[in-house]
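*Asks:* I am attaching a structure below and will ask some questions about it afterwards.
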Amino acid sequence: MKEKLSGVFVPTIIPFIDDEIQYRKLEKNLKKLNSTPICGHLALGSNGEYKSLSRKEQLKILEIFVENKGDKIIMAGTGCESTKETIKLSKEAKKIGADFVSVLTPSYFLKQINDNLLVDYYTEIAENINIPLLIYNAPGFAGGVKISPGAVRKLANHPNIVGMKDSSPAGLMGFISSTLDIDDFNILAGSINFFFTGLICGAVGGILSLANAFPDACCNLYRLYIDRKIEEAKKLNLKLFKINTQVSGRYGVSGVKAATSLAGLFGGEPRRPLKPLSVDQINEIRNLLMDEGLI
């Protein structure tokens, strides 16, 4: 399992024009990304605007990812507010051909959500699906809901819970330290901002929004770490951190889509109510990427 999850994954964007999914453009993007050293894709993640899609659209998109996977791993975002619906969607993902499911913490009933509830939630899902499960901790996309390192440690002993993606600003080290002694539980960083430091401390890979636009650079950072070329890795890490702060950190998925288009793939627009960047904002990103030698 560690071998399958080690390296760079893309939380792949879904391109829209006037709110309509551009399926052909998505297929072309997947083929271009698959020609790079990435390990695979997270389909139906936050950068894929999963919550803005109908169930019919989600399943069709996942089919496209699987049909165009080549030798890559496909993770599917299947987290719903109810345990029942999460199990149902996870089974659909398995049937379509996904390799893993990534399950975001529920958040709608915020006041009732605590570690005990989350342990029960993930345990029941894991016991009722026949596909490996990754916990997805992303307070920014889940109304501030966080799962604690202690709860993750309990879940890490479940044979069908094989790892987690952590996108919390300061949580990664806690999750690594609480599970480092548990065999075959794998932590993936959810941002380039702490990908390199995560690798140093025990993470096996990352699911990185910046890899939509610059998969080779993100994979190169991983390779430099693996080859123990630490000084080169530090320099590249600082460059990618600077870019990500101005792209994803400042503008979210709209910024990621703009950078993806500038890098030669098709970013398209976000689905409303999100708005695309203005011409001035795109030019800011273009100038930054030119200054850093990425376009």
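The values are calculated or read from the model by the stated rules, or taken from the named source; none is laboratory data. What you see is a predicted model; the values in this text were computed from it and never measured. Ideal geometry is used to build each Cβ from the backbone, glycine not excepted, and the neighbour counts take in all protein chains shown. Only protein heavy atoms, including side chains, enter the accessible area calculation; ligands, DNA and RNA are left aside. Shrake-Rupley method; radii C 1.70, N 1.55, O 1.52, S 1.80 Å.
*Asks:* In whole Å, what is the distance between the alpha-carbon centres of the stretch 150-216 and the stretch 1-61?
*Replies:* Cα centres, the stretch 150-216 to the stretch 1-61: 20 Å.
*Asks:* Given the pairs LYS56/LYS154; LYS4/LYS32; LYS51/LYS111, which span a C-alpha to C-alpha distance of over 26 angstrom in this model?
*Replies:* With Cα atoms farther than 26 Å apart: LYS56/LYS154.
*Asks:* Quick one: if the Förster radius is 30 Å, what FRET efficiency do GLU85 and SER6 give, using the C-beta to C-beta distance and rounding to 0.05?
*Replies:* So, using R0 = 30 Å, E works out to roughly 0.45.
*Asks:* Related question: Any idea of the accessible area per residue across the stretch 50-141, 1.4 Å probe, to the nearest Å²? Don't skip to the end; give the middle numbers.
*Replies:* On the way: 4410 Å² over 92 residues.
About 48 Å² of surface per residue is accessible.
*Asks:* In Å², and per residue, what accessible area does the stretch 181-223 have when probed at 1.4 Å with the other protein chains present?
*Replies:* Values: 1200 Å² over 43 residues.
With the other protein chains kept in place, the stretch 181-223 gives 28 Å² per residue.
*Asks:* I need to check one value: relative contact order of the chain, counting alpha carbon pairs closer than 8 Å and at least 6 residues apart, in percent.
*Replies:* 19 percent
*Asks:* Once Rh for the stretch 46-86 is found with the Kirkwood sum over Cα pairs, what is the Stokes-Einstein diffusion coefficient at 25 °C and 0.890 mPa s, in µm²/s?
*Replies:* Result for D is 217 µm²/s.
*Asks:* Straight-line reach from LYS2: which aspartates and glutamates have Cα under 17 Å away, leaving out those fewer than 8 places along the same chain?
*Replies:* Those aspartates and glutamates meeting the cut-off are ASP71, ASP99, ASP166, ASP181, ASP183, ASP184.
*Asks:* Would you mind working out the accessible area per residue for the stretch 231-295, using a 1.4 Å probe, and quoting it in Å²? Provide the component values of the computation, followed by the final result.
*Replies:* On the way: 3520 Å² over 65 residues.
Here the per-residue accessible area is 54 Å².
*Asks:* Moving on to the next point. Just how many % of Cα pairs in the stretch 1-152 lie over 24 Å apart, if you round to the nearest whole percent?
*Replies:* Counting every Cα pair in the stretch 1-152, those more than 24 Å apart make up 32 percent.
*Asks:* More than 24 Å apart: what percent of Cα pairs in the chain qualify?
*Replies:* For the chain, the share of Cα pairs beyond 24 Å comes to 48 percent.
*Asks:* Once you list every other residue whose beta carbon is under 11 Å from the beta carbon of TYR251, what net charge do they have if Lys and Arg are +1 and Asp and Glu are -1? Working shown, then result.
*Replies:* On the way: positive: ARG250, LYS257, LYS275; negative: GLU284.
Around TYR251, the charge tally is +2.
*Asks:* Let me ask something else. What is the percent of Cα-Cα separations in the stretch 98-255 that go past 21 Å?
*Replies:* So the portion of pairs separated by more than 21 Å is 47 percent.
*Asks:* What's the carbon and sulfur percent of the chain's accessible surface, probe 1.4 angstrom, rounded to a whole number? Don't jump to the answer; show the numbers that get you there.
*Replies:* Values: 6770 of 13160 Å².
Result for the chain: 51 percent of the exposed heavy-atom area is carbon or sulfur.
*Asks:* Under the Karplus relation 6.51 cos²θ - 1.76 cosθ + 1.60, θ = phi - 60°, what is the ordered set of whole-Hz ³J(HN,Hα) values for the stretch 239-244, x standing for Gly and Pro?
*Replies:* Once θ is set to phi - 60°, the couplings for the stretch 239-244 become 5, 5, 4, 4, 5, 5 Hz.
*Asks:* Hey, what's the Cα Rg ratio for the stretch 102-179 versus the globular rule of thumb, 2.2 N^0.38 Å?
*Replies:* 1.00
*Asks:* Additional query: Would you mind calculating the relative contact order of the stretch 126-279 from Cα pairs under 8 angstrom and at least 6 residues apart, reporting the percent as a whole number?
*Replies:* Across the stretch 126-279, relative contact order equals 15 percent.
*Asks:* Rounded to whole Å and ordered largest first, report the semi-axes of the equivalent ellipsoid of the stretch 152-238 derived from its Cα gyration tensor (root of 5λ).
*Replies:* Square roots of five times the eigenvalues give 24, 13, 11 Å.
*Asks:* Now, a different point. Counting Lys +1, Arg +1, Asp -1, Glu -1, what net charge surrounds LEU155 among other residues with beta carbon under 11 Å of its beta carbon?
*Replies:* Local net charge: 0.
*Asks:* Let me ask another. Hey, if you put +1 on the Cβ of every Lys and Arg and -1 on every Asp and Glu Cβ in the chain, which of LEU42, ASN68, GLY206 ends up farthest toward the positive end of that dipole?
*Replies:* The listed residue farthest towards the positive side: ASN68.
*Asks:* Let me ask something additional. Can you list the aspartates and glutamates whose alpha carbon sits under 15 Å from that of LYS84, skipping same-chain ones fewer than 8 residues off?
*Replies:* The reachable aspartates and glutamates, counting only those whose Cα sits under 15 Å from LYS84, are GLU92, ASP120, GLU124, GLU127.
*Asks:* For the stretch 184-224, just list the percent of Cα-Cα distances falling in each 5 Å bin from zero outward, please.
*Replies:* 6, 26, 35, 22, 8, 2, 0
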